Amino acid sequence: MSDHEYTPKSKAGKWFNDRLPLLTLANHLTDYPTPKNLNYWWTFGGILTFCLITQIVTGLTLAMHYIAHADMAFESVEHIMRDVNYGWLIRYIHANGASMFFLAVYIHIFRSLFYGSYKSPREIIWIIGIIIYLLMMAAAFMGYVLPWGQMSFWGATVITNLFSAIPLVGEGIVTWLWGGYSVDNPTLTRFFTLHYLIPFLILGLVVLHIWALHVPGNNNPVGIDIKKPSKDTVPFHPYIVIKDGFALLMFMIVFAFFVFYAPNILGHADNYIEANPLVTPAHIVPEWYLLPFYAILRSVPDKLLGVVAMLSAILILAVLPWLDTSKIRSAVFRPLYKQFYWILVADVLILGYMGAMPAEGLYLLIARVATAYYFLHFLVILPVLGLKERTIPLPLSITEPVLGGSPNMAMAKKKESKIE
Amino acid sequence: MSDKKPERRDFLFTASYAVGAVGVAAVVWPLVDQMNPDASVKALASTEVDVSSLKPGNTITVLWRGKPVFIRRRTQEEIAEARSVKMEDLIHPEKDEDRAKNPEWLVMLGVCTHLGCVPLNDKGDYNGWFCPCHGSHYDTSGRIRKGPAPWNMEVPKYEFVNANTIKIG
């Protein structure tokens, strides 16, 4: 992105950089021109990187004490909690870290939805993000199985049974996933392997995500392209680094609150009972971050169609750049979209709540309406809205709303040139 | 490409790709198949259960291949109820006579055919079983009557070794 060729100052630096241009990369990341109007919703990329590294570091240390065997897993987790030095801290950070990771990723995704960050030319960044999100769900699900409590066991049973909905080969696939005729030791050991692998896949995708981001550069709250880098941008360091750092500190306060004051509030008490294949807990619910999709699964009365609806609800996001027909990125200039956006936010929250409630009576009815609306938003409202909506005129540049703000285009242009 | 006559080199390319594809498939298959049930898992094929202490109206649950199996000694009312149901009222029509050869004994996998939870005994709208996970109701023959499950609870292969012992598998 930087428009100048970089040469290291020192002789040794130059020698090294000619052979492996790592210093050029470091210089690009430092000088990377960033829109100067980015608000705090843009700090979640950095926060998510922090979450991933936290999960990898705490996960590696937990793996030094955990035993992936159906007879010993539950006890080894209790051993970590009681005997291992600071084991309780590391495990609580890891368990709550998963929730914090999803909290941050949902804010990050909904920021994209509001400011149209998924639109051209940023479709690939968005799709890589959706793949990361899918991998996160897989990692979180398999990680939840490892303590081998009741929720672990029955969550694993229910989720792997989703594949039995596939016609003809479904049962065979489920047996293959289990490595037996039920969730058992072979299932646990392979889940541990994959749970260990996935974060590193995510790390690789994060590199691609950032690489793809650095090609067109950041979107911004007004959603227009950078007109003049010298006026509309600031270098990533120190401006964005400081801002991201401050936001990260605020985020860590929330994180620490859960770890130190409510470490089990986001979990289920049933998971402190060792897995028992003969008894299903009275009320099986996934972790909070999967609840909206769980509600969609349950709101369809047919087994196969329920699974199809749940998967579509996630995969529909991947084609969002083509479903949204509006050329205007930011919701700030789309008065109708802005309202539908907030209805969608409410819809997803309602789905999440319904996912936690028993699937019966009024709860089921509301979940069905909310499911229908979810698909309506993406398949009907977004395509039509882009063609029908009357948008508010865009500012001339990122700088204009601040400095050159004038209802008169000519005046604004004149003022802009004066500022230069 | 399309106008050109195939040359010896094109043949070599195609042959190389074909051999390469077969080689990759041959290497991938063991890596995929290692995840299927292994010999030690398959070896646990059958279980014998002593049912002499079971009174009418009681159910015991035993583990077979890691899955719960319900063995219920049914009361006369339950048998009558199961046998009087019309086939057209069933989601997955199966005669009770076919599910319980000896009407007093119902043996089936205690696994909900929806997503694999263990249904609860003596619950639900049909006096049989009720699955707490997603609300499937089963009747006194273990047949699905209401809810998202697509099939009746499965009846495994079993036999009476003698008057008191059932061999499952």
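Observations on the model:
- Scanning segment A:165-185 for residues that are at the interface with chain B (Cβ under 8 Å from one of its Cβ atoms), open to solvent by less than 60 Å² (accessible area, probe 1.4 Å), over 16 Å from B:L63 (Cβ atoms) and under 30 Å from the mean Cα position of the chain (by Cα) gives a single hit, A:L177.
- As for segment A:411-418, it holds no residue that is among the hydroxyl-bearing types (S, T, Y), over 30 Å from A:V285 (Cα atoms), assigned to a helix (DSSP H, G or I) and modelled with pLDDT of 95 or more.
- Exactly one residue out of B:D10, B:D3 is among the acidic types (D, E) and open to solvent by less than 70 Å² (accessible area, probe 1.4 Å): that is B:D10.
- The residue list A:L29, A:L48 contains one member that is farther than 25 Å from A:F102 by Cα, part of a helix (DSSP H, G or I) and either in contact (Cβ under 8 Å) with a residue 40 or more places away in the chain or in contact with a Cys (Cβ under 9 Å, 6 or more places away or on another chain) (or both), which is A:L29.
- Unique match (being of a type outside the set (K, R) and open to solvent by less than 30 Å² (accessible area, probe 1.4 Å)) among A:Y106, A:Y133: A:Y133
- Test result for A:T189, within 11 Å of chain B (Cβ to nearest Cβ), more than 20 Å from B:V118 (Cα to Cα) and of a type in the set (S, T, Y): yes
- Residue within segment B:97-110 that is of a type outside the set (K, R), within 14 Å of another protein chain (Cβ to nearest Cβ) and surrounded by 24 or more Cβ atoms within 10 Å (Cβ to Cβ) present: yes
- Residues that are under 26 Å from A:M142 (Cβ atoms) and either in contact (Cβ under 8 Å) with a residue 12 or more places away in the chain or open to solvent by 40 Å² or more (accessible area, probe 1.4 Å) (or both) do occur in segment A:235-251, at least one of them.
- Failed item, numbered, when A:L194 is tested on (1) without any contact (Cβ under 8 Å) to a residue 60 or more places away in the chain; (2) within 24 Å of A:I131 (Cβ to Cβ); (3) within 8 Å of chain B (Cβ to nearest Cβ): (3)
- Complete set of residues in segment B:42-66 that are within 13 Å of another protein chain (Cβ to nearest Cβ), without any contact (Cβ under 8 Å) to a residue 60 or more places away in the chain and open to solvent by 70 Å² or more (accessible area, probe 1.4 Å): B:K42, B:A43, B:L44, B:L63
- Some residue of segment A:262-272 being part of a helix (DSSP H, G or I), closer than 19 Å to A:F50 by Cβ and open to solvent by 70 Å² or more (accessible area, probe 1.4 Å): no
- So A:T43, is it open to solvent by less than 30 Å² (accessible area, probe 1.4 Å), under 18 Å from A:H237 (Cβ atoms) and part of a strand (DSSP E or B): no
- Exactly one residue out of A:L162, A:L208 is closer than 26 Å to A:A269 by Cα and touching a residue at least 12 places away in the same chain (Cβ under 8 Å): that is A:L162.
- Annotation note: of A:Y181, A:Y196, the sole residue that is in contact with a strand residue (DSSP E or B) (Cβ under 7 Å, 6 or more places away or on another chain) and in the same structural domain as A:L266 (by TED's automatic domain parsing) is A:Y181.
- For B:G142, the test of being surrounded by 18 or more Cβ atoms within 10 Å (Cβ to Cβ) and either modelled with pLDDT of 90 or more or of a type in the set (D, E) (or both) is passed.
- B:T75 vs. criteria touching a Pro at 6+ places or on another chain (Cβ under 7 Å), away from chain A (no Cβ under 11 Å) and polar (S, T, N, Q): yes
The rows are residues; the columns are (1) facing chain A (nearest Cβ under 10 Å); (2) among the β-branched types (V, I, T); (3) assigned to a loop (DSSP other than H, G, I, E, B).
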{"position": "B:C112", "(1), (2), (3)": "yes, no, yes"}
{"position": "B:G124", "(1), (2), (3)": "no, no, yes"}
{"position": "B:N127", "(1), (2), (3)": "no, no, yes"}
{"position": "B:H137", "(1), (2), (3)": "no, no, no"}
{"position": "B:R145", "(1), (2), (3)": "no, no, no"}
{"position": "B:P148", "(1), (2), (3)": "yes, no, yes"}
{"position": "B:N152", "(1), (2), (3)": "no, no, yes"}
{"position": "B:P156", "(1), (2), (3)": "no, no, yes"}
{"position": "B:F160", "(1), (2), (3)": "no, no, no"}
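- Residues of segment A:64-87 include none that is in the same structural domain as A:L205 (by TED's automatic domain parsing), at pLDDT 95 or above and under 25 Å from A:D244 (Cβ atoms).
- Once segment B:56-76 is narrowed to residues that are at pLDDT below 90 and among the charged types (D, E, K, R), the residue that is farthest from B:S136 (Cα to Cα) is B:R65.
- Test: residue in segment A:127-143 that is modelled with pLDDT of 95 or more and over 18 Å from the mean Cα position of the chain (by Cα): no
- Listed conditions (1) part of a helix (DSSP H, G or I); (2) open to solvent by 40 Å² or more (accessible area, probe 1.4 Å); (3) not aliphatic (A, V, I, L, M) are all met by A:N276, apart from (1).
- Any chance B:P93 is away from every other protein chain (no Cβ under 11 Å) and crowded, with 17+ Cβ neighbours inside 10 Å: no
The values are calculated or read from the model by the stated rules, or taken from the named source; none is laboratory data. Since this is a predicted model, take the numbers as computed values, not measurements. For neighbour counting, all protein chains shown are included, and Cβ atoms are generated from backbone atoms with ideal geometry for every residue, glycine included. Areas reflect the complete protein model, heavy atoms only, side chains present, ligands, DNA and RNA absent. Shrake-Rupley method; radii C 1.70, N 1.55, O 1.52, S 1.80 Å.
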